[in-house]
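What follows is a short report on a single structure.
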Amino acid sequence: MAYSITSLNELTAQFEKLPGIGKKTAQRLAFYVITAPEEYAERFSRALIDARSKIRLCSCCQALSDGELCPVCGDPLRDKSIICVVSDPRDILAFERTREFKGVYHVLHGVISPLDGIGPEKLKVRELLARLSDGSVKEVIMATDPTVEGEATASYISRFIKPMGIKITRLAYGVPVGGNLEYADEVTLQRALDGRNEI
């Protein structure tokens with residue numbers, strides 16, 4: 001009979017479900033957690049449960065937040081007349097690292113991808129259009145990834161925004177085609193922001 005500990009196997013299996021974690025790394029993490037001081041394991045499990053139960057979507061921009069508004073939407077110094085539309089909450093972190101963008105964001109939570117069964121109705125497009133209806137927004141920056149799906153999503157949303165008379169821009173191609181924004185460095189993102197084009 002093989003050496004097997006049910007609780008350890010279950011913990012390893014849960015770590016292995018995390019993106020980018022293989023079996024050996026999952027085993028290392030599981031052993032670390034069970035051999036760490038008990039207070040660490042308690043803090044770790046509490047942080048996991050708290051994050052899962054307290055984090056929700058910002059009522060304005062749809063980013064992740066532990067309050068009604070995310071820190072960007074709640075900041076009175078941000079320029080609310082410029083909205084940067086991104087596909088994933090992680091993209092906000094990439095832009096914030098530049099410390100240059102002073103506007104606000106809107107998170108779509110995906111891109112149009114018929115092959116994956118994702119149509120426009122599954123994205124936060126209606127919420128974006130509702131934000132634009134009061135006339136206070138002057139520019140929308142389409143910052144979806146420069147992929148076929150990202151381009152299709154930007155084009156689809158632009159068709160609804162153009163009749164409103166709002167300036168629509170697309171990030172300049174300092175970001176490599178086929179790349180993901182979350183992996184772009186600060187200089188590349190800054191150049192992409194500076195060189196954005198109207199669409």
### Query
Taking square-rooted eigenvalues a ≥ b ≥ c of the alpha carbon gyration tensor, is the chain rounded, prolate or oblate, where a/c under 1.5 means rounded and, failing that, a/b exceeding b/c means prolate?
prolate
### Task
Whole Å is fine, so just give me how far the alpha carbon centre of region 84-150 lies from that of region 1-75.
26 Å
## Note on the structure
Applying the gyration tensor rule to the Cα atoms of region 89-187 (axes a ≥ b ≥ c; rounded if a/c under 1.5, else prolate if a/b exceeds b/c, else oblate), the class is oblate
### Label-zone membership for region 2-17, site Gln27, 7 angstrom Cα→C-beta point, backbone N under 15 Å
2-6, 8-16
### Task
Just order 3-10, 79-86, 30-37, 108-115 by mean Cβ neighbour count inside 10 Å, highest at the front, would you?
79-86, 108-115, 30-37, 3-10
### Task
In Å and from the alpha-carbon atoms only, list the Rg and Dmax of region 5-65.
14.6, 47
#### Entry: Tilt relative to the chain, helix 89-98 - C-alpha long axis, 0 to 90 degrees, to 10
70 degrees
### Task
May I ask you to evaluate 6.51 cos²θ - 1.76 cosθ + 1.60, the Karplus curve with θ = phi - 60°, for each residue of region 109-119 and list the ³J(HN,Hα) values in order in whole Hz, giving x for glycine and proline?
6, x, 9, 5, 8, x, 5, 9, x, 9, x
### Query
What angle, in degrees between 0 and 90 and rounded to the nearest 10, separates the Cα long axis of helix 6-16 from the longest principal axis of the Cα atoms of the chain?
20 degrees
### Task
Search the structure for amide H atoms under 5 Å from the amide H of Ile112, placed 1.01 Å from N in the peptide plane, and list their residues when 5 or more places away or on another chain.
Thr153
## Note on the structure
Scoring region 54-199 by relative contact order with C-alpha pairs under 8 Å, at least six apart, yields a percentage of 22 percent
### Task
Would you please give the residues with an amide H less than 5 Å from that of Ile141, counting only those at least 5 places away or on a separate chain, with H modeled from the backbone geometry?
Ile83, Cys84, Val85, Thr169
### Query
Highest GNM mean-square fluctuation, the chain, Cα pairs closer than 10 Å: which of Arg97, Arg131, Arg28?
Arg28
### Projected label distance in nm at Met164 and Arg56, using a 7 Å step from Cα toward the beta-carbon
2.4 nm
### Task
Take the Cβ-Cβ distance between Val148 and Arg99 as r, set R0 to 30 Å, and report the resulting FRET efficiency rounded to the nearest 0.05.
0.45
### Top of Glu139, Glu16, Glu96 by mean-square fluctuation, Gaussian network on the chain, Cα under 10 Å
Glu16
### Message
Tell me the per residue accessible area of region 28-143 using a 1.4 Å probe; a whole number in Å² is fine.
### Response
59 Å²
### On Cα atoms only, tilt of 38-54 relative to the major axis of the chain in degrees
30 degrees
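The values are calculated or read from the model by the stated rules, or taken from the named source; none is laboratory data. For clarity, every value in this text was computed on a predicted model and none was experimentally measured. FYI the Cβ positions are ideal-geometry reconstructions off the backbone, even for glycines, and counts take in every protein chain you see. Note: areas computed on protein heavy atoms with side chains; ligands, DNA, RNA excluded. Shrake-Rupley method; radii C 1.70, N 1.55, O 1.52, S 1.80 Å.
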